[in-house]
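These notes concern the structure reproduced below.
The values are calculated or read from the model by the stated rules, or taken from the named source; none is laboratory data. Note that this is a predicted model, so its numbers are computed, not measured. Note that each Cβ is placed from the backbone with ideal geometry, even for glycine, and that neighbours are counted across all protein chains shown. These area figures cover heavy atoms from the full protein model, side chains too; ligands, DNA and RNA do not enter into them. Shrake-Rupley method; radii C 1.70, N 1.55, O 1.52, S 1.80 Å.
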Amino acid sequence: MTMIPLVSLHDPLHLLLLSLAISVCGGVASLLLRACDGAAIRVAGLAGIAAAVAGLGASLPALSGPALVFEAAGPYPFAHFVLRLDPLAALLIAVISLLSLVAWIYSLAYVREYAGKGVGAMGFFMNLFIASMVLVVAADNAFWFIIFFEMMSLTSYFLVIFDQDEEAVSAGFLYFLVAHAGSVLIMAAFFIMANYAGSYDFAAFRTASVPAPLNSVVFLLGFLGFGAKAGMIPLHIWLPRAHPAAPSHASALMSGVMIKIGVFGIVKVGIDLLGASGGVLWWGLLVLVFGAVSSVLGVVYALVEHDIKKLLAYHSVENIGIILLGVGVGMIGIGIGQPILAVLGLMAGLYHLVNHAIFKGLLFLGAGSVIYRLHTKDMEKMGGLARTMPWTAFSFLIGALAISAIPPLNGFVSEWYTYQSLFAAAFSGSWLVKLATPIAAMLLALTGALAVMCFVKAYGVIFSGPSRHAHPDDVREVPATMVIGMVILAIACVVLGLAAPVVAPVISGIAAATLGAATITVADGVLLIPADAHQAVLSTPLIAVMLIGAAVLPLLLKSALSGSLRLPARQAAAPWAAGYLPDAHMSATAGGFAQPIRMFFGPLYEVRKSIAAVWSKVTFGFERFISFARRSEPCWDRALVDPVGEGVVASGRRLQAIQGGDFRVYCLYIVAALVILLVLTVR
Amino acid sequence: MVGFQLINGLAGLLIITSLLVILSDRPGNSARFYALQSLVLVALFLALAEATDSHELYLWSASAFVTKVVLVPLIMYRAFSKLSDPKLGSGAVLSPALSVVLAALVVILCYSVVSGVSLPAAAAIKPALAVSLAHFFLGLACIVTQRNILKQVFGYCLMENGSHLTLALLAAKAPELVEVGIATDAIFAVVIMAVLGTKIFLTLHTLDARQLTTLKG
């Protein structure tokens, strides 16, 4: 007789459920241990790490498909609990798991900063947040999808308001508003689809055919709803406020992973669920336009930020834009009936999605480390930290290089694929596509240049130059677990860049599986190929060899010529300051660095002001609605409860007067009682 | 029948004397009027003894004379003449005219009550019975309408006189022992109340009953 094991570690679905169970148990345990901060941090962190490892174990084998489905009866007939581990979901789960693994390792030391402020609750919300993200990605039923999507929004809302200061609460409110407005749109989209599918199961959605004008309505609802979650412009307004407000490891997850679920949702609705009735060209163009605008404006706004976390948050807007460029090309490919272009574009988007998750997580953790030691988010008060925090500085540098798309790191690879997909699209399709894609490529180039400038500024102002911090001697490297977390992601940045010839085919396989198209050739040996080797060829390993060679060869030449590897001694002297004694005020500041950009792109900042004005009006209107509700809400109380309460109190007071303590009055009662008795007797 | 008319007439006099006790502005005067009232009560007992041919009542009237006409007024006079609260004044809550009206109302009420009672022993002395009941109520009214705590003691004494009269009217042949008990009871009560009144005055320097609501421990 063979025993059927309850949990089979070889079955990705079992591992996935195990990971979710660990997350939930860890969260609850952390909440129960909230009285003991150290234990809560450790329990939440270790459970999170275990869940993340299980999540990685579940998702990595499933990357290459086929889709695995787990079904269970739901509480209602329409709510089948269905989890579907298809390659796209597996990719997202892998990213979530990797990022959460690192964030949990990082949290073991980092969260001590919050000791006494309810770290038990933080562990609870973080664990549930991660579990709900995994569930959103895997859910294959509209009802459960909405439930988990709301759960994700709620748990992250609590992480945003964790500091409970005015800024955090107001940022949290805005986030709450936008997230829920978005989920209402998504719900509406699902309802329309369910109407035609006759079921809330995504499996039915996929085969349902939604007639012509309505399919676009569904797409638009989904696009705007998920776009709000993704933080694309102009629905980004919550992002630069909410992400900085959350604790840094939560910011890393929100910026690194959660907004990707917005992109995932756009792909899910636009490509997967509307597969049977999709393929409209202007959808792709719409996504492309939003992507291009978000990428340029995101980086332009990031450039003038002095708050390091806000700067990173604006870069998330920019990178979401870049991802949407890829997704847009993918959808254009469907629209014009070119599966190869579709796979290439979607693959570029997905690759950048993975990469952005990794380097943005890394950068947020780096920022968290700096804030952990300096207790300020203002870059003008940093400076010179590379000397005191070398590991943090090095990791941040890798992240900065990656996000600036410097070869051979991962950001470069995915942006290269994005360019190639745009170029490929520019040679095909209607005149609209031929017009739009080169402009998008141009804007992407502008974005890339500005991103480099922005991170030269960020790294330079934070880590080099003289220290502008009040107590520069107190600053030292962060604890080991935080360093380990950052270094893991830094290594991932390098690996995803150098190993692109291995990674790209996997991701293009996922894109092809999502599109239901044939796979394309994206790598050959150490070469990266955008489907067509005549268009372009790239090899990150070779670039790496070249770069290393460029640094090492001169040394080797020198040793060959002079017989010694020793370099002349470095001169350690103050920088030249036009004959003046250099001091900290002379170094470039974040504000000064960005000033030309501020002048050059002046009108774009005006755009931001007007967007902000619209949003502040929305918020204001909502607040007025709330205050109205607050005023009208106690009506019942005033009409029913208050009179009763006041009556009881007043009659109590009157009864108290009866018991005034004056014995004469008591005698009066006796008289009154006797008189009454006598009168009754007389009758 | 003359005897019973005398009884009823004396009972009416009791109401007047008790009003005098209530309305006099100084405790000393009240004590004198109380002695007068007790004298009327003793006379009433004698008349009742004569009318009902009750030997026990002679003894009653003798002991009542000793206790109510002599001892109690003396004790109160001695005790209260030293105490005076100038701020309090007479301490009356009702004006004298209203007090008289109240007394009249009380008597009318009591009369209507007693008229409903049908006791063979009390047929001839119903007015006196009504007065005895009213007297009890006047004592209570004194306690309620006077703020001076010394007046409350008098109020108690009036109540006591009222109940004493009721007892005599309804049970003229009760054993002497009952009367002795009542009389000593009254004396002790008055002694204790006089001591308490003095103590209160020495502690609070006031005789105002309203100030006593804060007495604790």
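Miscellaneous remarks
- Reachable aspartates and glutamates, given that their alpha-carbon falls under 14 Å from the alpha-carbon of A:K260 and they are not under 8 places away in the same chain: A:E318
- Area hidden from solvent between A and B (accessible, protein heavy atoms only, 1.4 Å, total, Å²): 1300
- In this structure the amide hydrogen of A:L68, modeled in the peptide plane, comes within under 5 Å of the amide hydrogens of A:L85, A:D86, none closer than 5 places in sequence on its chain.
- Approximate shape of region B:69-115 as ellipsoid semi-axes (Cα gyration tensor, √5λ), whole Å, largest first: 31, 19, 6
- Backbone HN-Hα couplings from phi across region A:357-374 [Karplus 6.51/-1.76/1.60, Hz, Gly and Pro as x]: 4, 6, 6, 6, x, 4, 5, 5, 5, x, 4, x, 5, 5, 5, 4, 8, 9
- For chain B, the relative contact order comes to 26 percent (Cα pairs under 8 Å, sequence separation of at least 6).
- Considering only Cα atoms, the convex hull volume of region A:515-604 works out to 289 Å³ per residue.
- With at most 12 other Cβ atoms within 10 Å, longest stretch of chain B clear of loop trypsin sites (Lys or Arg not before Pro) (DSSP): B:88-172
- Normalised by the number of residues in chain A, the mean separation of alpha-carbon contacts (under 8 Å, six or more apart) gives a relative contact order of 11 percent.
- Dipole magnitude for the protein assembly as shown: computed about the Cα centre from +1 point charges on Lys and Arg Cβ and -1 point charges on Asp and Glu Cβ, it is near 1460 debye.
- Derived scalar couplings ³J(HN,Hα) [region B:31-44; Karplus, 6.51 cos²θ - 1.76 cosθ + 1.60; whole Hz; x for Gly, Pro]: 4, 5, 5, 5, 4, 4, 4, 4, 4, 4, 5, 4, 4, 4
- Calculated from backbone phi, Karplus (6.51, -1.76, 1.60) coupling profile of region A:215-231 in Hz, x at Gly/Pro: 5, 5, 4, 4, 4, 4, 4, x, 4, 5, x, 6, x, 4, 5, 6, x
- Alpha carbon Rg of region B:90-217, scaled by the compact-globule rule 2.2 N^0.38 Å: 1.24
- Compared with the dominant principal axis of the Cα atoms in chain A, helix A:142-160 is inclined by about 90°.
- Listed residue (A:G460, A:V370, A:G660) projecting farthest to the positive dipole end of chain A, Cβ model: A:G660
- Cα pair distances in region A:331-386, grouped into 5 Å bins until the bin that holds the longest one, percent each: 5, 16, 16, 12, 9, 9, 8, 8, 7, 7, 3
- For chain A, the longest principal axis of the C-alpha atoms and the axis of helix A:119-138 are separated by about 60°.
- Sorted from greatest to least, the principal axis extents spanned by the alpha carbons of region A:136-277 come out as 48, 26, 20 Å.
- Close amide H partners of A:L274, meaning residues 5 or more places away or on another chain with modelled amide H under 5 Å apart, do not exist here.
- Every pair of different Cα atoms in region B:2-214 enters the Kirkwood calculation, which places the hydrodynamic radius at 17.4 Å.
- Mean Cα-pair separation over length for region A:8-211, i.e. relative contact order, pairs under 8 Å, 6 or more apart, %: 21
- Volume per residue for region A:8-211 equals 120 cubic angstrom (convex hull of Cα atoms).
- When the convex hull of its Cα atoms is projected in every direction, mean area for the protein assembly as shown (nm²): 67.9
- CD proxy at 222 nm, helix term only [per DSSP H run n ≥ 4: -39500 (n - 2.57); per residue of chain B; nearest 500]: -25000 deg cm²/dmol
- P(r) tail fraction, region A:640-683 - alpha-carbon pairs more than 12 Å apart, %: 70
- Heavy atoms of A:D473 accessible to a 1.4 Å probe, total area in Å² rounded to 10: 140
- Helix A:410-426 vs. chain A, principal-axis angle (Cα, 0 to 90°, nearest 10): 80
- Amide H contacts of A:A523 (H built 1.01 Å from N, under 5 Å, at least 5 apart or other chain): A:I529
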